[in-house]
Structures are given as C-alpha cells and as structure tokens.
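Please read the structure below before turning to the comments.
The values are calculated or read from the model by the stated rules, or taken from the named source; none is laboratory data. Just so you know, these numbers come straight off a predicted model, no measurement behind them. All Cβ positions, glycine included, derive from the backbone under ideal geometry; neighbour counts span all protein chains shown. Just the protein is used for accessible areas: all its heavy atoms, side chains included, with ligands, DNA and RNA removed. Shrake-Rupley method; radii C 1.70, N 1.55, O 1.52, S 1.80 Å.
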Amino acid sequence: MVLRSFLLTLLGAAVSSFALSTLSACSSNDDSSDPSPDAGNGSNTFPRTVPISLETQLDPAKKYRFGVIWAQLAGGDPDPLPEVAIDVPFDLASTSITFDAPPLPSEANFFCERSCDDEAKCPCLPASKYRIAYGAMVLVLDADQNGKIELDYAGTGGAGKDQIALFGYAAFVHSPNGNDVLPPVKDGVPLIDGAVQQGTALYRAFKKTDEFDRLTRFINGDTLEFRAKAPSVT
C-alpha cells in the first residue's frame, strides 16, 4: 500500500471527553533531529499531560477547538470518512494539554492489508502483517461557533466553514497486537521509527529526511507542537 498525506478535507463523526490545563510551557523539539526510539522513557499511560507550543498565535477574538481525527493512511479510492474521536474547546491561554486515550475508530479506518482498496467492502485480512490506526491532532477554527468540529469533506471552503488553523506534529497510534511490520514509505524507510507497541500511544513527528516526516515515540519532556503546515507522511 502507498501512504499518503493527511488531507485538509476532514470532517468529524464521533466525540470523546477531553481536558485542558494550564502549566508552564516547555521548549519545543527541533524537527531536524534523528531520535532513537526509547520505549523506556515513553509512556502510554493515560490521562497524560504534555506541554504545547503554537508556531502562530491564534486570534483571541475567535473560538477554536482541539480535535483528534482518525484518518485512513492507505492510498486508493474510495476512502472511508475520517472520524473525530476528540472534539473540545481550546483555551488560547493553555500551555499544556491533558487527555485520555481517544476511543478507537471503526475498522474501516485501520491501516492494514486488505483484498481491495475499498475499506467499506474489504476488511483487514486475518493474516495482515500490520494493523494500526492513525489519529492526527488539529486546532480548528469554529467558524459558526456551534461547539463542534465540522470540516468540509468536499473541500468547497467558503465563509462560515470550520477550518484547520494549526496541525499538531504528533499523532495517536493504536495497534491491537503490537510489533507491526509496516510497509516502507520511500527507499525502504517505514513511517514509524522502531517497533509499534501494543495498545494506544502518543507519537511525535520528526524530519528524518527532506522527503517526509516520520513518527517516533513521544517521551516525557517532549513538546506537542502545532504548526501552520501539516506533517507529511508520504
């Protein structure tokens, strides 16, 4: 399968509880780094609090929401609809986020080996060498101020449409079994650095090469960065 970029045309479906808290901010990580996986310092224990940083200051006169969106990584149409697992107000004064692990997406949004490209018709093969879910993080402008994330599937845009203001350089990754052998993205290099652990864990994006961003375990002390441009996972 071919991995593709997380697109701007996302819309949510499911909602979960989420909490924001204000703590002291930490310095952000350099995305040019090449970290080694360190499962000993990582954690998949929730609730979990992590410091955040915003590349661009958001308009204090507008309302924003934080979202975690499960999206299908596999290429090939038709694609299942992305699913919003977390959808809560975002306080511009917050310097950290505390969250629980999000509820899992439907089977259609798991990245796995299938017998066809239509995830609605072809479930994950029992013998698939990998089966993971990828949950992107976003800060969304709640343009109509209706208190929920409603992104534009068709990409028509226009006034009154919710818009992704900033993209988190981190993601939730869930693996039912762990130790998944993911297919390479380019030149034999996989998307995720190191073995995929079992369960739900927080990963951060980092720039391995100029070609694409990879994911590595989010360890204690890392900062969740939000930027104007989405990480590229192609």
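Against the conditions (1) at pLDDT 90 or above; (2) outside any strand (DSSP E or B), ALA133 satisfies every one except (2).
Beta carbons closer than 9 Å, at least 6 apart along the sequence or on distinct chains, pair a first residue in region 188-217 that is open to solvent by less than 10 Å² (accessible area, probe 1.4 Å) and in a loop (DSSP other than H, G, I, E, B) with a second that is β-branched (Val, Ile, Thr) and modelled with pLDDT under 85 for LEU191/VAL185; LEU191/VAL233; VAL196/VAL181; PHE212/VAL185; PHE212/VAL189; PHE212/VAL233; PHE212/THR234. Of all the residues in region 24-74, those that are part of a strand (DSSP E or B), surrounded by 16 or more Cβ atoms within 10 Å (Cβ to Cβ) and modelled with pLDDT of 90 or more number 13.
Candidates LEU139, LEU151: the one that is assigned to a strand (DSSP E or B), out of contact with any helix residue (DSSP H, G or I) (no Cβ under 7 Å at 6 or more places or on another chain), in contact (Cβ under 8 Å) with a residue 24 or more places away in the chain and farther than 18 Å from ILE192 by Cβ is LEU139. Would you check if there is a residue in region 94-109 being closer than 21 Å to SER232 by Cβ and in contact with a strand residue (DSSP E or B) (Cβ under 8 Å, 6 or more places away or on another chain)? For region 94-109, residues closer than 21 Å to SER232 by Cβ and in contact with a strand residue (DSSP E or B) (Cβ under 8 Å, 6 or more places away or on another chain): present. Considering only region 174-196, how many residues are at pLDDT 85 or above and closer than 19 Å to ALA136 by Cβ? Total meeting the criteria: 5.
Considering region 167-185, and only residues there that are within 12 Å of the chain's Cα centre (by Cα) and among the hydrophobic types (A, V, I, L, M, F, W, C), the residue that is surrounded by the most Cβ atoms within 10 Å (Cβ to Cβ) turns out to be ALA171.
Inside region 75-92, residues that are assigned to a loop (DSSP other than H, G, I, E, B) and either open to solvent by 60 Å² or more (accessible area, probe 1.4 Å) or in contact with a Pro (Cβ under 6 Å, 6 or more places away or on another chain) (or both) make up a count of 5. For region 120-133, residues that are open to solvent by 10 Å² or more (accessible area, probe 1.4 Å) and in contact with a helix residue (DSSP H, G or I) (Cβ under 8 Å, 6 or more places away or on another chain) total 3.
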